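Undergrad: To start, I am sharing the structure in question, which I have written as structure tokens.
No value in this document is a laboratory result; all are computed from the given coordinates. All values reported here derive from a predicted model rather than from experimental measurement. When we count neighbours, we look across all protein chains shown, and the Cβ atoms used for this are built from the backbone with ideal geometry, even at glycine.
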Amino acid sequence: MGTEKIKVIVSKVGLDGHDRGAKVVASLLKEGGMEVVYLGMYQTPESIIKAAIDEDADVIGLSYLSGEHLVYTPKIVEEMKKNGMDDVLLVVGGSFPPEDIEVMKQMGVDEVFRGGSRIPSIVNYITENVR
Amino acid sequence: MSQGPISRSIADKSSEVNWDDYLKSYYEKPQSGRTWSGYELKEIYTPEDRAGENYKQDVGDAGDYPFTRGIHRNMFRGRFWTRREVVGIGSPADTHQRAAFCFEQGGSGLNTIADVTYEMGLDPDHPWAQQEVGLTGVNISSIKDMEILVGDIPLDKVSWSLITASTAAAPTMAQYVAVAQQKGYDIAGLRGSIQNDPVHFRYCGFRPACPLDLSIKLGCDVMEFCARSMPKWHYTTVNTYDLREQGITAPQEVAFGFGIAMCYVDELIRRGLNIDEFAPRFAFYVSCHVDFFEEIAKIRAARRIWARLMKEKYGAKDPRSMQFRFAVHTAGCSLIPQQPLNNIVRIAYQALAAVLGGVQSLHCCSYDEPMCLPTEKGHVQALRTQQILAYETGVTNVADPLGGSYFIESLTDKIEEEAQKVMQEVEEVGGMEEAIRSEWLDRRFELEAVKRQKEVDNGEKLIVGVNIFTSEAETCTPLGVQRIAEQSARRQIQDVIELKRTRDKARLNEAIERLREDVLQGKNSIPAMIEATKASATTAELLGTVREVYGYQYDPMGIIESPFR
């Protein structure tokens with residue numbers, strides 16, 4: 001990686017407007033030394049993938065709170081596959097049943113952080129696993 | 001930087017028992033004497049702290065101005081608070097069923113919440129809506145949906161809280177009134193509330209649906225209509241809860257909430273209403289966070305500030321105009337998915353604070369909210385929490401039981417003083433509308449949210465299961481997971497498509513034209529919305545028509561063109 005900063009896309013997907021978590025994570029990943037592109041609300045799987053490609057991102061971070069994680073995650077994974085983005089880490093955060101964590105990992109999510117996660121644990125995970 | 005508590009992870013079984021830690025634990029004491037919002041407290045409060053108090057002027061009995069101790073003299077001896085659990089799930093039929101279930105379990109008020117698509121003003125057939133209909137609430141796109149939601153519930157006998165907060169509250173009110181009228185009820189007798197606080201809702205992700213001018217216009221249309229025609233109805237519950245959920249402090253919650261409330265009050269006065277004509281039905285929706293005494297003090301301070309605002313700033317004469325009446329929603333953001341059954345305890349403490357604070361209506365979160373929408377079991381458990389409080393604990397016996405405590409009175413003064421400082425700050429940036437337009441308020445929210453996270457990250461704020469007494473991550477939700485049936489969403493989409501195909505287009509076009517005309521002429525939009533609703537206009541059509549008159553795109557998401565052009 002050299003001295004280049006890790007570049008992270010942080011985004012919401014769909015209509016869900018609970019963005020406190022996404023904004024806080026974006027802000028503290030920056031403080032953790034990463035370059036963050038915060039896409040904000042009303043993104044689609046396509047718009048997120050396009051941003052990740054345009055920005056040559058190392059990580060995509062998605063934030064869910066309204067039960068939409070099982071709707072949008074497979075679509076994003078599919079778009080990533082279509083675009084050959086094996087080298088991009090896909091990380092999900094937010095509120096969902098623990099039962100769905102394994103489901104999302106099966107879909108192709110690299111790591112999942114629930115509410116109540118401490119930010120240093122996210123920074124560490126990304127630093128150690130970025131491809 | 002504090003040393004933090006003796007860090008213990010229940011999951012960490014790798015090392016031998018360290019008895020020195022047990023000894024340390026025995027002598028352990030709280031790591032700070034500060035409140036959740038960060039105010040340093042003394043170790044004891046005494047009569048000296050109250051030496052300057054003028055009881056009659058600053059505190060007063062419950063039922064007396066400035067209502068610090070409560071808005072009714074006999075408080076819960078007169079009537080319990082309304083036990084109301086928020087319900088919104090899948091289709092109108094699903095939501096009706098769960099709401100009726102909560103009623104059967106002893107709930108005393110209905111409380112239904114809109115989903116994101118409804119709040120955004122999108123019909124289920126909108127491309128952005130199709131994936132998300134019913135995921136977080138109920139979508140009502142037409143009078144038919146409202147008929148199904150109401151079902152056999154007698155509207156003249158129940159108190160119904162309609163949680164639509166955005167500009168879509170105007171269609172919601174129209175839909176509720178239209179159904180009530182069709183069923184033959186006199187709307188003057190309807191009892192309940194509508195959230196109708198579109199100004200605050202831009203901070204909950206609904207900015208496209210809530211431009212500031214339109215938020216004040218439609219919000220006040222609902223308020224004015226109800227103030228004139230529905231005297232028992234609370235036409236807004238200004239939502240300080242959602243603001244608090246952004247991470248702000250207790251005094252900021254009061255100050256920002258009142259700033260937004262005054263946007264509406266000022267507009268209603270501009271419209272020529274007398275303060276005493278409408279203020280007696282003004283209401284709030286308040287958070288109860290986890291710092292027990294601070295929340296009680298916050299509520300008491302809010303009552304005093306509101307009373308004085310109404311009397312001194314707005315010249316209210318009717319004591320009812322000065323009464324801060326409020327519902328409490330226990331703090332969703334204080335709940336965590338780690339060791340989730342602990343949430344039941346957090347919620348119970350918060351509910352107790354709300355009741356000791358003199359709440360009028362209470363929603364207890366379900367323990368499972370950090371994981372999913374409430375399950376049926378979660379809903380019942382939350383309701384039981386309220387019932388145990390109401391029927392077992394004796395907290396209903398005496399009004400404001402903590403009043404007169406040297407500490408509580410001092411903390412009430414402190415929160416009032418801090419809230420007034422924040423209100424002054426808002427004045428200095430040019431008032432609340434300017435604070436919103438210039439995004440000053442956005443920046444405050446972001447700043448505070450980051451602070452809160454750092455407090456948890458560095459152990460300054462302790463949360464059991466997060467940064468103390470942690471355990472291995474759960475793999476399942478104790479009482480099961482609430483899922484939304486896919487067919488519910490599909491049916492909603494099909495229903496609205498079918499409605500749009502089969503309704504009387506001439507009658508619809510005429511009703512929409514009248515709505516457009518009324519808004520153009522600066523009239524209140526609600527009567528025309530009611531008529532258009534009866535002509536099967538949909539939520540998106542009502543809102544889109546008004547949006548266009550105000551110079552906004554018909555579709556908040558900018559995809560669909562108006563079908564009426």
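Undergrad: Ignore the peptide's own chain and count Cβ atoms of other chains within 10 Å of each Cβ in B:28-35; give me the average, rounded.
TA: That works out to 0 on average.
Undergrad: Tell me which residues come under 5 Å, amide H to amide H, from B:Val87 once H is placed; ignore anything under 5 positions away on its chain.
TA: Long-range HN contacts for B:Val87: B:Asn111, B:Thr112, B:Ile113.
Undergrad: So, one more: Please say if the range A:74-129 is rounded, prolate or oblate, where rounded means a/c under 1.5 for a ≥ b ≥ c the square roots of the C-alpha gyration tensor eigenvalues, and otherwise the choice is prolate for a/b larger than b/c and oblate otherwise?
TA: Oblate, since a/c reaches 1.5 and b/c is not below a/b.
Undergrad: Which lysines have a Cα less than 17 Å from the Cα of B:Lys144, not counting those fewer than 8 places away in the same chain?
TA: Leaving aside lysines fewer than 8 places away in the same chain, those within reach of B:Lys144 are B:Lys183, B:Lys500, B:Lys505, B:Lys534.
Undergrad: Taking only the Cα atoms of chain B, how large is their convex hull per residue, in Å³? Working shown, then result.
TA: On the way: hull volume 89.4 nm³, N = 565.
Cα convex hull per residue, to the nearest whole number: 158 Å³.
Undergrad: Select from the range B:309-345 those trypsin sites (Lys or Arg not before Pro) which occupy a DSSP coil region and have at most 13 other Cβ atoms within 10 Å, ordered by residue number. Please report the intermediate quantities before stating the final value.
TA: Working: sites: B:Lys311, B:Lys313, B:Lys317, B:Arg320, B:Arg325; in loops: B:Lys317.
Sites meeting the loop and neighbour criteria: B:Lys317.
Undergrad: How shielded is B:474-480 by partner chains, expressed as the average number of their Cβ atoms within 10 Å of its Cβ atoms?
TA: Mean partner shielding for this stretch: 3.
Undergrad: Give me the three principal axis extents of the protein assembly as shown from the C-alpha atoms, as integers in angstrom, largest value leading.
TA: 76, 73, 50
Undergrad: Quote the charge dipole size of the protein assembly as shown about the Cα centre in Debye, to the nearest 20; the model charges only the Cβ of Lys and Arg (+1) and of Asp and Glu (-1).
TA: 1860
Undergrad: Determine the distance separating the Cα centre of the range B:441-480 from the Cα centre of the range B:48-116; give it in Å without decimals.
TA: What the calculation gives is 28 Å, centre to centre.
Undergrad: Once you sort the root eigenvalues of the Cα gyration tensor of chain A as a ≥ b ≥ c, which label holds: rounded (a/c under 1.5), prolate (a/b larger than b/c) or oblate (the other case)?
TA: Note, shape of chain A comes out rounded.
Undergrad: Just order B:21-32, A:60-71 by mean Cβ neighbour count inside 10 Å, highest at the front, would you?
TA: Listed from highest to lowest mean packing, they are A:60-71, B:21-32.
Undergrad: Let me check against my output: what whole-number percent is the relative contact order of chain B, with C-alpha pairs under 8 Å and at least 6 apart?
TA: The normalised contact order for chain B reaches 20 percent.
Undergrad: For the range B:486-549, just say rounded, prolate or oblate: build the C-alpha gyration tensor, square-root its eigenvalues into a ≥ b ≥ c, call rounded for a/c under 1.5, and beyond that prolate if a/b exceeds b/c, oblate if not.
TA: Prolate, since a/c reaches 1.5 and a/b exceeds b/c.
Undergrad: Just tell me how shielded A:19-25 is by partners: mean number of partner chain Cβ atoms within 10 Å of each residue's Cβ, no decimals.
TA: 6
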